[in-house]
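Student: Shown below is the structure under consideration.
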Amino acid sequence: MDPASRAAELRAELERHNYLYHVLDSPEIDDSTYDRLFHELLALETADPSLKTPDSPTQRVGAPPVSRFPTYRHKMPMLSLDNAFSEKTLRAFDDRVRRGLGGVEEVEYFVELKFDGASLSLTYLDGVLQVATTRGDGTTGEQVTPNARTVGGIPYVTQQKMTGEVEVRGEVVMFKSAFEALNKERAAHGEQVLANPRNAAAGGLRQLDSRLTAKRKLRFFAYGLGAGPRLGSSQSETLAKLRELGFAVHEEAHVVRGVSGLLDFINDTQARRAALPFLIDGVVIKVNDFDLQENLGFTARGPRWAIAYKFPAEQVFTRLNRIFSQVGRTGAVTPVADLEPVQVAGVTVTRATLHNYEDLARKDVREGDLVIVQRAGDVIPEVVGPVLDKRVGDPPRPQEPTHCPECGTALARRASEVVPRCPNKQCPAQVAAKIRHFVTRKAMDIEGLGEKLIDRFLETGLLTDVASIYRLKDHRDTLINMERLGDQSVDNLLVGIEESKTRPLPRLLFGLGIRGVGDKGAQEIVQELRTLEAIRSADYATFLAIPNVGPATAAELQEWFEEPDNQRLIDEMLSLGVAPTEAEGPVSDLFAGQTFVFTGKLEKMAREDAEELVGKLGGRSSSSVSKQTSFVVAGPGAGSKLAKAEQLGVKVLTEDEFLQMLPNSPPPSEGEGVRE
């Protein structure tokens, strides 16, 4: 047989075995036989590169690194689901669904495992993978297509022909066995072990070098569709079709009837949770029939026809060895438990929060106690309390510190707070925490400047505050000569720092770490005041006049910007080239003094475009309805915001009525509607 024919035969055979393994879970050959066939194909393609095709199984090993991930606007937002934590909440959901469907006695639901991984959206054109995108903020994600090609359960070309553009959505997970093997390998090479399979999956999808993604042996499970035509009349038919097309669909997904069927599935799944080969944190429940889903519609938060039932945080017992104090970026001093290592919900936990010293005293937790540990929301480890009948003797109660454990400064506490704070702004722990916060994704998003590297730069004096990040370019030679750093990694870091200089102003404001100012609050402040100069010169009354900024946050903002050291910090960053993208001023005063709230699905423009348009016409948009709201623009699926508008007597507009208010210039081009 000639090489071309043999290569084609091997490609077909390997893809069939991939489908049997990842989708049908019924492999016909062992790993060694698969590896032999794979390497035979690889040898043929290496000898004659013209034999290599984009859909070849050999392309799943990854491609050369990229410098960054381009962003991608989802054609249909990746929505969040409401949560249920109890049988009572679940029954209330079922009652609402039945009432919404005219009082039917029993509903057919489709139930699925709620995978604890990373969401992924796959766009196919005529059955060929075009774009793979992370969830991001639900509206815009990052294109990770080369990485997605390395993930098991994702076909590059579907098993059956598809016509047109179809968006397939699902979850990428890392099996526990693969996670343990990866951490064992990392430890053997002196690398930092990864925290848990969820982080390993999410981090694997965001590797700039897809060959590193391939090493994580990630798996994909489809759970539905985004934009594009239906593949059936129900969720069950759709997933059956996706399975035929070559997508992995977990076998546990199936149809049940009524709330009794839901409870049986939930109880059975929870009992077997620990034995599953991957992490889950609950189950997802959807009305099975698509027409019924359409009848139920959407609320302001998400679909009325679906809910996520979250399992209680898994609790375990372990020994508390030591209680120590930790200093945060705002100077807050809180107690932390140093534990005997223990597995909680698939993660090895060695430290857990004790919240504050008042809570610590209330729980009466002491060093040496056998304690109950859980992961709050399956994320943050916390100490629930001690097992008192296992306490040995009468160990001393931990005492709240009077001085900062890092710098020795006397602690202070406001009358309204339970947490003491270190007032020394130069406290090493605060400086480090501020820098770590400044570089996070929601802030200045400086990739490559991780916690360990920040600590090393602080130790050597290369970093002293957030402004000093922008001086690292002057120390390139020093950086290159540091252990585990080299030309390429240093240059990538410096490029990331340079790119951060023009991040949008809300990111910089959030990155400054002002108490009470979250990422959403920063956006609203910028929307109102528009420029950095206006923000830094504003007073208490100006901040308080901003919708959703309360007295406490207004006071924190005034205090922060009145501090001369903080003003010097901003001046220094500006002198080093930081030039945040500021909000554009209005081009008209048509909507001056008016506030709009958009809710439900917009058919003729994306919500972000509508909100931006309001700003350009002198008005403002808000995420909440109040007496100060001028108009609520409500589309299909409008829920609680519409109800509140009617309660408060706020004028409600349809999308067409809103468009009629615009000047004669044509509105933005039609785009995909956005569901809340």
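The values are calculated or read from the model by the stated rules, or taken from the named source; none is laboratory data. What you see is a predicted model, and the numbers here were worked out from it, not measured in a lab. Using ideal geometry, Cβ is built from the backbone for each residue, glycine included, and neighbour counts are taken over all protein chains shown. Please note that ligands, DNA and RNA were not included when accessible areas were found on the heavy atoms of the full protein model with its side chains. Shrake-Rupley method; radii C 1.70, N 1.55, O 1.52, S 1.80 Å.
Student: Once you list every other residue whose beta carbon is under 12 Å from the beta carbon of PRO229, what net charge do they have if Lys and Arg are +1 and Asp and Glu are -1? Provide the component values of the computation, followed by the final result.
Tutor: Values: positive: ARG230, LYS241; negative: GLU165, GLU167.
It works out to a net charge of 0.
Student: Could you work out [θ]222 nm for the chain from helices alone, using -39500 (n - 2.57) per DSSP H run of at least four and dividing by all its residues? Round to the nearest 500 deg cm²/dmol.
Tutor: Details: 24 runs with 236 residues, N = 676.
That calculation yields -10000 deg cm²/dmol at 222 nm.
Student: Heavy-atom accessible area per residue, the chain, 1.4 Å probe: how many Å²? Working shown, then result.
Tutor: Details: 32220 Å² over 676 residues.
Heavy-atom SASA per residue in the chain reads 48 Å².
Student: Taking all pairs of distinct Cα atoms, average 1/r, flip it, and tell me the Kirkwood hydrodynamic radius of the stretch 135-194 in Å to one decimal place. Display every interim value, and only then the final one.
Tutor: Values: mean 1/r = 0.0677 Å⁻¹.
Roughly 14.8 Å, rounded to one decimal.
Student: Further question: Filter the trypsin sites (Lys or Arg not before Pro) in the stretch 77-114 to those in DSSP coil with at most 12 other Cβ atoms within 10 Å of their Cβ, and list the result. Intermediate results must be reported in sequence, preceding the final value.
Tutor: Details: sites: LYS88, ARG91, ARG96, ARG98, ARG99, LYS114; in loops: none.
Loop-located and lightly packed - none at all.
Student: Using the Kirkwood radius over Cα pairs, work out the Stokes-Einstein diffusion coefficient for the stretch 505-612 at 10 °C and 1.306 mPa s, in µm²/s as a whole number.
Tutor: Details: Rh = 15.2 Å.
Rounded to a whole number, D works out at 104 µm²/s.
Student: Here is a further query. Taking every Cα atom in the stretch 289-430, find the radius of gyration and the maximum pairwise distance Dmax, and write them in Å.
Tutor: Here Rg and the maximum Cα pair distance are 20.2, 65 Å.
Student: Would you work out the charge dipole size for the chain about its Cα centre, treating the Cβ of every Lys and Arg as +1 and the Cβ of every Asp and Glu as -1, and quote it to the nearest 20 debye?
Tutor: 920
Student: Over all distinct Cα pairs, what is the inverse of the mean 1/r for the stretch 548-607, reported as the Kirkwood hydrodynamic radius in Å?
Tutor: Details: mean 1/r = 0.0626 Å⁻¹.
Here the Kirkwood hydrodynamic radius works out to 16.0 Å.
Student: Here's a follow-up. When Lys and Arg each count +1 and Asp and Glu each count -1, what net charge do the other residues less than 15 Å away from ARG391, Cβ to Cβ, add up to? Don't skip to the answer; put the middle values down first.
Tutor: Values: positive: ARG319, LYS363, ARG366, LYS390, ARG397; negative: ASP364, GLU367, ASP369, ASP389, ASP394.
Value of the local net charge: 0.
Student: Separate question: Quick one: Cα convex hull volume of the stretch 409-512, Å³ per residue?
Tutor: On the way: hull volume 11.3 nm³, N = 104.
So the per-residue hull volume is 109 Å³.
Student: Please identify the GluC sites (Glu not before Pro) of the stretch 390-468 that satisfy two criteria: DSSP loop assignment and at most 15 other Cβ atoms within 10 Å. Which are they? Show your work: numbers first, answer last.
Tutor: Working: sites: GLU406, GLU417, GLU447, GLU451, GLU459; in loops: GLU406, GLU417, GLU447.
Sites meeting the loop and neighbour criteria: GLU417.
Student: Suppose we look only past 19 Å in the calculated P(r) of the stretch 54-197. What percent of the Cα-Cα pairs does that tail hold?
Tutor: On the way: 6967 of 10296 pairs.
The answer is 68 percent, as a whole percent.
Student: Ranking request for peptides 147-154, 493-500, 588-595: highest mean number of other beta-carbon atoms within 10 Å first, then the rest in descending order. Could you put the intermediate results ahead of the total?
Tutor: Details: 147-154: 24.0, 493-500: 17.9, 588-595: 14.5.
Ranking the peptides 147-154, 493-500, 588-595 by packing returns 147-154, 493-500, 588-595.
Student: When the solvent-accessible surface of protein heavy atoms is calculated with a 1.4 angstrom probe, in what order do MET573, MET482 fall, highest first? Could the numbers behind the result be given before it?
Tutor: Working: MET573 5, MET482 30 Å².
The ordering from most to least exposed comes out as MET482, MET573.
Student: Place +1 on the Cβ of every Lys and Arg and -1 on the Cβ of every Asp and Glu in the chain, take the dipole about the Cα centre, and give the residue among LEU41, SER86, GLY100 whose Cα lies farthest towards its positive end.
Tutor: Value: SER86.
Student: Would you please state the base-10 log of I(q)/I(0) at q = 0.12, 0.13 1/Å for the stretch 349-484, with intensities from the Debye formula using one equal scatterer on every alpha carbon?
Tutor: Ignoring solvent entirely, the Cα scatterers give -0.71, -0.80.
Student: On to the next question. What do you get for trypsin sites (Lys or Arg not before Pro) in the stretch 456-523 restricted to DSSP loop and a cutoff of at most 12 other Cβ within 10 Å of the site's Cβ? Don't jump to the answer; show the numbers that get you there.
Tutor: Details: sites: ARG456, ARG471, LYS473, ARG476, ARG484, LYS501, ARG507, ARG515, LYS520; in loops: ARG484, LYS501, ARG515.
Here the sparse-neighbourhood loop sites are ARG484.
Student: Can you give me the three principal axis dimensions of the stretch 215-332 from its C-alpha atoms, in Å, biggest first?
Tutor: Each principal axis gives a Cα extent; for the stretch 215-332 these are 57, 39, 35 Å.
Student: Tell me which of ALA202, LEU231, LEU263 sits at the most positive position along the dipole axis of the stretch 201-277, charges placed on C-beta atoms (Lys, Arg +1; Asp, Glu -1).
Tutor: Going by the charge dipole, the pick is ALA202.
Student: Taking 0.36 nm per residue of sequence separation and subtracting the Cα-Cα distance, how much length would be gained by fully extending the chain between ASP491 and LEU648, in nm to one decimal?
Tutor: On the way: separation 157, 0.36 × 157 = 56.52 nm, distance 5.59 nm.
Extending this stretch completely gives an extra 50.9 nm.
Student: At 1.4 Å probe size, with the rest of the protein present, what percent of the exposed accessible area of the stretch 186-277 is carbon and sulfur atoms?
Tutor: Values: 2110 of 4090 Å².
That share works out to 52 percent.
Student: Also: Is the shape of the stretch 281-320 rounded, prolate or oblate, going by the alpha carbon gyration tensor and its root eigenvalues a ≥ b ≥ c, with a/c under 1.5 for rounded and a/b larger than b/c for prolate?
Tutor: Numbers: a/c = 9.18, a/b = 3.22, b/c = 2.86.
Cα axes put the stretch 281-320 in the prolate bin.
Student: Would you mind telling me the share, in percent, of accessible area of the stretch 422-575 contributed by carbon and sulfur at probe 1.4 angstrom? Write down the numbers at each step before the final one.
Tutor: Numbers: 3680 of 7350 Å².
For the stretch 422-575, the apolar C and S fraction of the accessible surface comes to 50 percent.
Student: A further question on this structure: What translational diffusion coefficient, in µm²/s and rounded to a whole number, does the Stokes-Einstein relation yield for the stretch 151-255 at 4 °C and a viscosity of 1.567 mPa s, taking the hydrodynamic radius as the Kirkwood radius over Cα pairs? The partial results should precede the final answer.
Tutor: Values: Rh = 15.3 Å.
Reported coefficient: 85 µm²/s.
Student: With unit charges on the beta carbon (Lys/Arg positive, Asp/Glu negative), name the residue among ALA275, VAL336, VAL578 whose Cα is farthest towards the positive pole of the charge dipole of the chain.
Tutor: VAL336
Student: Something else about it: Stokes-Einstein D for the stretch 320-389 at 25 °C, 0.890 mPa s, Kirkwood Rh over Cα pairs, in µm²/s? All intermediate terms of the calculation are to be shown ahead of the outcome.
Tutor: Working: Rh = 12.3 Å.
Estimated diffusion coefficient is 200 µm²/s.
Student: So for the stretch 272-358, considering every pair of alpha-carbon atoms, how many percent are separated by more than 15 Å? It would help to have the intermediate numbers written out before the result.
Tutor: Numbers: 2726 of 3741 pairs.
So the portion of pairs separated by more than 15 Å is 73 percent.
Student: May I pose another question? Wrap a convex hull around the Cα atoms of the stretch 82-144, take a quarter of its surface area, and give that in square nanometres.
Tutor: 7.1
Student: Turning to a different aspect of this structure: Within the set LYS184/LYS286; LYS310/LYS520; LYS520/LYS627; LYS217/LYS241; LYS75/LYS241, which residue pairs have Cα atoms separated by over 28 Å? It would help to have the intermediate numbers written out before the result.
Tutor: Details: LYS184/LYS286 39 Å; LYS310/LYS520 26 Å; LYS520/LYS627 21 Å; LYS217/LYS241 25 Å; LYS75/LYS241 22 Å.
Pairs exceeding the cut-off: LYS184/LYS286.
Student: Hey, another quick one. Taking the Cβ-Cβ separation of LEU544 and ASP268 as r and a Förster radius of 56 Å, what is the calculated FRET efficiency to the nearest 0.05?
Tutor: With a Förster radius of 56 Å, E is 0.60.
Student: Can you pull the Rg over Rh of the chain, Cα-only, Kirkwood? Show your work: numbers first, answer last.
Tutor: Details: Rg = 27.5 Å, Rh = 28.4 Å.
With Rh from the inverse mean 1/r over Cα pairs, Rg/Rh is 0.97.
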